[in-house]
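In what follows, a structure is listed as structure tokens, so that the remarks can point back to it.
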Amino acid sequence: MRRSIAVAVTATVVACLAAAAPGAARDRSAPGAPGAKGSWTPADKHGFGTAATRASRVWFTLRQKTLTEAYWPTLGTPAIRDLEFVVVDRGKATFEGGALPAHVRALDARSLTYRQVVTARSRAWRLTKTIVTDPARDAVDVRVRLDSLKGHKLKLFAVLDPALSNSPDDDTGGRDRRGLVAADRHGAVALRALHGLSGRTSAYSHRPGDPRRRLQRHGSLGPVRAARRPGTVVQGAGVRLKHGTTTLSLGFARRRTGAARVAAAALARGFASAQGAYDAGWHAHLATLPPPPASVPPDLVGLYDRSLLVLAASEDKATPGAGVASPSMPWAWGRLTIDKPSAPYHLVWARDLYQVGTALIAAGDRAGAQRALDFLLRVQQKPDGSFPQNSETDGRPHWTSLQLDEVALPIVLAWQLGRDDAGTYEHLKRAADFILRKGPKTEQERWENQEGWSPGTIAAEIAGLVCAADLARRNGDPASAARWEATADRWQRKVQAWTATPNGPYSPRPYYLRLTKDKHPDRATRYAIGDGGPSRADQRRVVDPSFLELVRLGVKRWDDPVVRNSVAVVDERLGAPTVNGMFWHRFTYDGYGETRRGAGWGLTDDDTFRTVGRAWPIFAGERGEYELLAGRPAAGRLRAMANAANDGGLLPEQVWDGQPPTGRNGFHDGEGTRSATPLAWTHAQFVRLAWSLQAGTPVERPAVVARRYAGG
């Protein structure tokens, strides 16, 4: 029996591999190259998955109805834009991505397997898809079931939009004997189906033969063509079903034939086998970690586990430790109009990686945090000791501005990990000396677009210097320790005078500002906010919750009078009460978000106020950490963050905040906007707050800093 099964599987593989032969020469070339310029799909993902193995170097994302960007061979490299299914019922085509009832469900609370269900408005049919990646190879597997609910004879089509090597605009596409293939100079993707594909055609976006247009207008694909010139390729095929079901596989490789082999091997393995191994891999990962803390209510345990899985999945496989900010490209970043190809969210940021690292330490995944620190040390700039503003997953610096909190936070992470070996210390010493030379003024603060004296950045610098001093003494370098501590002490004494205004318009008592341009918070110094905000904002009118870094990192006491007054000012000016809980905006006049009608953010001129920054769930977590230090209940902050999760269990960057268009056209108060979802930082903050609630104090807080300045 075993031998007959092996022979059958081998025969299937051989047959599928034969399908990788080049397409027939008779296929006519599609007209209209290169086609309309491509873009990425919206960033509000409802699913994000990959296998737990390093053998499978492919990731997928889902919106509520469709499979959107898949990444290959790194998490910084989108390789398709989407794979959408189209149902033809009595000659009329309905695209699953249209306005149809749908939902996403995580099939296993301890894995990253998802099921999407889309139903026709007429209730004539239901389309169900289950998505995993094959743990043994670079393939995304989609199990499809189409149910006819009224007895109609239905046809199913698949439309693939390849976007290899992080660009939708330079692919070619055609067919081989069994499926569709597309390629560019660096990689290829092949689409195969268990029961075959028919009418396999390739064309250029918004040009004659575009499968989307053909299906929409005619309910069929038309003549078979090949897209032989590079451009924005769109491919379509009829999907053959057996008893209403089939499996499709997207295989990725450097060459067309290799991609076809990968897809064929994935189909030969079988969906059930792949799903079983996929789920088992994530179960095994969670089994290496402590169970969720008792502070997590039973109904939030699934979101806690999912957050750990999202953090693990956000780490690149070719370069261990390289965790990206988000597998998404929001707004203008998705239109490829600002920064081609598609930065910045699938870049690695030292700040975001610090947030992830501290969450992993809290959750018991010290190995993951060690990899994050090792990556940061590898990308440290020589010889000055700084860290890149951000980098590609392979470590190459991308943007070139300097953010001093990103130089300081790796030092804090190293201290929290107890990394006091001589090799690590040499890296950290260079970073600490760099802070002394360049600080405390920073070229950019936490939100990327302003220079000055920022209380949040200065808090990180002080914490970094004190942590570096402790590590210096362990390495027999008391002179450096004394030098760094002396500077840290001076900055700790001065930070209020530099950044807290005594005469601002929001309170008669001093409160911290987002930053000052001149170290004189009593002056009405004016600056341009950016993102369409005022061109001459009085610095005393711009506040930001980031001053709480002073408390979380142990630089100031929670009950410091200026801190407490600043909390009250920020609550009044930036607080956003929603049905899901209290959230906060980043800073006064923030314009990084959608327009008041829900259109995406883009670069706009000063004083236009076209876009509005919404509320951020991370601030609920940071406030919860502050409230623990104040001895107040903070469990409600964890609940608020959880309430912001979507049906796939993913946490967003921003939520709708009561301002327009909240309440219209599906923009629900307290739910995620079309900002980056999932955001690794948000999931990390959720995990860290959970463990802080368990400990009764912020687990991120470096004790060596708190003992020095905040009484322990």
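The values are calculated or read from the model by the stated rules, or taken from the named source; none is laboratory data. Only a predicted model underlies this, so the values are computations on that prediction, with no experimental measurement involved. A quick note on method: Cβ atoms are made from the backbone with ideal geometry, for glycine too, and the neighbour counts reach across all protein chains shown. To get the accessible areas, we keep the full protein, side chains included, count just its heavy atoms, and leave off ligands, DNA and RNA. Shrake-Rupley method; radii C 1.70, N 1.55, O 1.52, S 1.80 Å.
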**OP:** Return yes or no: is GLY439 open to solvent by 10 Å² or more (accessible area, probe 1.4 Å), among the small types (Gly, Ala, Ser) and closer than 23 Å to THR525 by Cβ?
**Re:** yes
**OP:** Identify all residues within the range 104-116 that are assigned to a strand (DSSP E or B), touching a residue at least 40 places away in the same chain (Cβ under 8 Å) and open to solvent by 60 Å² or more (accessible area, probe 1.4 Å); write none if there are none.
**Re:** ARG105
**OP:** Taking the options LEU679, LEU650, name whichever one is touching an Asp or Glu at 6+ places or on another chain (Cβ under 7 Å) and of a type outside the set (Val, Ile, Thr).
**Re:** LEU679
Original post:
Could you count how many residues in the range 622-648 are part of a helix (DSSP H, G or I), surrounded by fewer than 20 Cβ atoms within 10 Å (Cβ to Cβ) and among the basic types (Lys, Arg)?
Top reply: 1
Subject >> Residues that are under 17 Å from GLY32 (Cβ atoms) and free of Cβ contacts under 8 Å to residues at least 40 places away in the same chain, drawn from the range 211-249 >> reply: ARG213, ARG214, ARG217, GLY222
**OP:** Sort through ALA362, ALA422, ALA367 and tell me the only one that's within 27 Å of GLY76 (Cα to Cα), touching a residue at least 12 places away in the same chain (Cβ under 8 Å) and small (Gly, Ala, Ser).
**Re:** ALA362
Original post:
For ARG540, are the conditions met, namely being outside any loop (DSSP other than H, G, I, E, B) and within 16 Å of TYR589 (Cα to Cα)?
Top reply: yes
**OP:** Considering only the range 585-621, state which residues are of a type in the set (S, T, N, Q), touching a Lys or Arg at 6+ places or on another chain (Cβ under 8 Å) and assigned to a loop (DSSP other than H, G, I, E, B).
**Re:** THR588, THR604
Original post:
So is THR201 of a type outside the set (A, V, I, L, M, F, W, C) and buried (at least 23 other Cβ atoms within 10 Å of the Cβ) or not?
Top reply: yes
Subject >> From ASP384, ASP374, ASP394, residue being surrounded by fewer than 21 Cβ atoms within 10 Å (Cβ to Cβ), part of a helix (DSSP H, G or I) and acidic (Asp, Glu) >> reply: ASP374
Original post:
How many residues does the range 161-171 hold that are open to solvent by less than 30 Å² (accessible area, probe 1.4 Å) and on the phi > 0 side of the Ramachandran plot?
Top reply: 1
Subject >> All positions within the range 280-294 that are open to solvent by 30 Å² or more (accessible area, probe 1.4 Å) and either more than 19 Å from ALA367 (Cβ to Cβ) or outside any helix (DSSP H, G or I) (or both) >> reply: ALA280, THR288, PRO290, PRO291, PRO292, ALA294
Subject >> Residues of the range 69-87 satisfying the condition of being open to solvent by 10 Å² or more (accessible area, probe 1.4 Å) and closer than 14 Å to ARG213 by Cα >> reply: GLU84
Original post:
Can you tell which of ALA274, ALA264, ALA259, ALA227 is under 33 Å from the mean Cα position of the chain (by Cα), buried (at least 24 other Cβ atoms within 10 Å of the Cβ) and either at pLDDT below 95 or closer than 18 Å to GLU84 by Cβ (or both)?
Top reply: ALA227
Original post:
Taking into account only those residues within the range 650-666 that are over 13 Å from ILE618 (Cα atoms) and either in contact with a Gly (Cβ under 6 Å, 6 or more places away or on another chain) or polar (S, T, N, Q) (or both), which is least open to solvent (accessible area, probe 1.4 Å)?
Top reply: PRO661
**OP:** Would you mind finding the one in ALA20, ALA106 that is touching a helix residue (DSSP H, G or I) at 6+ places or on another chain (Cβ under 8 Å) and either at pLDDT below 95 or on the phi > 0 side of the Ramachandran plot (or both)?
**Re:** ALA20
**OP:** Mind telling me which of the residues GLY196, GLY174, GLY179 ends up being open to solvent by less than 50 Å² (accessible area, probe 1.4 Å), under 28 Å from TRP59 (Cβ atoms), modelled with pLDDT of 95 or more and out of contact with any strand residue (DSSP E or B) (no Cβ under 8 Å at 6 or more places or on another chain)?
**Re:** GLY196
Original post:
Residues in the range 146-160: is at least one surrounded by 24 or more Cβ atoms within 10 Å (Cβ to Cβ) and farther than 21 Å from GLY244 by Cα?
Top reply: no
**OP:** For the range 117-137, indicate whether the set of residues that are more than 23 Å from the chain's Cα centre (by Cα), under 25 Å from SER273 (Cβ atoms), in a loop (DSSP other than H, G, I, E, B) and among the hydrophobic types (A, V, I, L, M, F, W, C) is non-empty.
**Re:** yes
